[in-house]
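Peer 1: Below: one structure in C-alpha cells.
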Amino acid sequence: MDNASEPLIRRFDVKRISQDQSERIVDSVAAEEPLGIRITYWVKESQRTESLAVTMRTPGHDQELAAGFLLSEGIVVKCDDILAIRSLGVKPSNEIAVELASSVDVDTWRMRRNNFVGASCGICGKRSREALTRELPEYSIDELRITPEVVERLPAALIASQSGFAQTGGLHAAALANESGEIEQMFEDIGRHNALDKLLGWCLLQGRIPLSRNILFLSSRSSFELVQKALMAGAPVLAAIGGTSSLAIETAREHGITLLGFVRSGRMNVYSGDWRLHSN
C-alpha cells in the first residue's frame, strides 16, 4: 500500500498540561486544507468547465478523492467515464480538474438532484432512499459470504496500517478487505467521508468497480451517506468500528447490504444482511 504519512501531518509547538505540570512539546496533528473539484464535460457538441464542489480534506491522494466523489455522487460509474485528472496551479495544489468522457450526462444528473431537493422540503429520510434507488447502478451484490472470524480480524489489521492515526490520533481510515480479511488498500483523512471516497476512487481508477467480492471497513461510525457510497460502488458488506444510524440501517436493509457495527474485541452488531455471515 502506497500511503506515505508525511502529507497527512502538520507539527506545532504546544503546551501540554498534565497533573498540574506543563511542558513545551512538538505535537503532530492531522493536516486539513480545502480542495476544489472542477469538472469539464460535454453538452451536445461543446465542452463546459465549472466548479463542482469544495471539500475540506487531508492533502494527499487528491486524484483518488475526486474520482471517488464523482462515483459516490453518481456522476460516473466506471473508469472510462474519466478521461483525465490533473492538479491545477503549482504543486502542492488545492484545486483539481477532472475531464469527463462525452458519454457522461452531467445535465441529466444535475436535473435529478435539483428536482429531488426542490420536492423534498429538506430531504426527509424516505425521499433520500427513494432518490438513491433511482441513481443506483445495476450491480449484483449477493455473491459474497464471509465468516464472523474474518470480520473480527479487521480492527487489528486496520490499526496496524494507520500510520497517520498513530501519529495524530485525528485521522479516519477506510479500508478494502478481501474475503480472507486481508486489507488490500487503505486511506486516511480528517473526514470519514473523504477517507472512503479516496478508497473508492482508487478502486474506480484501478478498474475494480463493482466491489462485489470485497468488504469495506471503516474506523469511524457509519451513516446513510457511507451506506450510499458503498451501494454506488457495488460493495456488499460495510463494517465499522463505531455505531450507525437509523437511516443507514433502513437503507442497508432495503438494498441488501450487510451492515456491521461496533466491530471490536471479538464482537459485532449485525444490523442488516446477517445471511451473508456463516460459520465454518
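The values are calculated or read from the model by the stated rules, or taken from the named source; none is laboratory data. Since the model is a prediction, treat every value here as computed from it, not as a measurement. Here Cβ is always computed from backbone atoms with ideal geometry, including for glycine, and neighbour counts include all displayed protein chains.
Peer 1: Which of the residues spanning the range 175-201 are surrounded by fewer than 24 Cβ atoms within 10 Å (Cβ to Cβ), among the hydrophobic types (A, V, I, L, M, F, W, C) and not in a strand (DSSP E or B)?
Peer 2: Selection gives ILE190 alone.
Okay, residues lined up against (1) touching a residue at least 40 places away in the same chain (Cβ under 8 Å); (2) closer than 25 Å to SER163 by Cβ; (3) basic (Lys, Arg):
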site: GLY207; (1), (2), (3): yes, no, no
site: VAL227; (1), (2), (3): no, no, no
site: GLY234; (1), (2), (3): yes, no, no
site: GLY243; (1), (2), (3): no, no, no
site: VAL263; (1), (2), (3): yes, yes, no
site: VAL270; (1), (2), (3): no, no, no
site: ASP274; (1), (2), (3): no, no, no
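Peer 1: Right, next: Can you give me the ranges of the strands (runs of 3 or more DSSP E) entirely in the range 46-109 with at least 1 residues that are touching a Pro at 6+ places or on another chain (Cβ under 6 Å)?
Peer 2: Passing ranges, in order: 46-57.
Peer 1: In the range 222-237, how many are assigned to a loop (DSSP other than H, G, I, E, B) and either in contact with a helix residue (DSSP H, G or I) (Cβ under 8 Å, 6 or more places away or on another chain) or buried (at least 24 other Cβ atoms within 10 Å of the Cβ) (or both)?
Peer 2: 5
Peer 1: May I ask you to say which residue of ARG276, ARG213, ARG267, ARG221 is over 13 Å from the mean Cα position of the chain (by Cα), of a type in the set (D, E, K, R) and under 26 Å from LEU70 (Cα atoms)?
Peer 2: So the residue among ARG276, ARG213, ARG267, ARG221 that is over 13 Å from the mean Cα position of the chain (by Cα), of a type in the set (D, E, K, R) and under 26 Å from LEU70 (Cα atoms) is ARG213.
Peer 1: For LEU35, indicate whether it is in a strand (DSSP E or B), more than 22 Å from ALA166 (Cα to Cα), of a type outside the set (Lys, Arg) and in contact (Cβ under 8 Å) with a residue 40 or more places away in the chain.
Peer 2: yes
Peer 1: Select from the range 155-170 the residues that are under 16 Å from GLN185 (Cα atoms) and of a type in the set (A, V, I, L, M) and write down the one among them that is surrounded by the most Cβ atoms within 10 Å (Cβ to Cβ).
Peer 2: Checking each candidate, the answer is LEU158.
Peer 1: Something else: Under 18 Å from CYS203 (Cα atoms) and modelled with pLDDT under 75 - does that describe any residue in the range 158-167?
Peer 2: Looking through the range 158-167, none of the residues is under 18 Å from CYS203 (Cα atoms) and modelled with pLDDT under 75.
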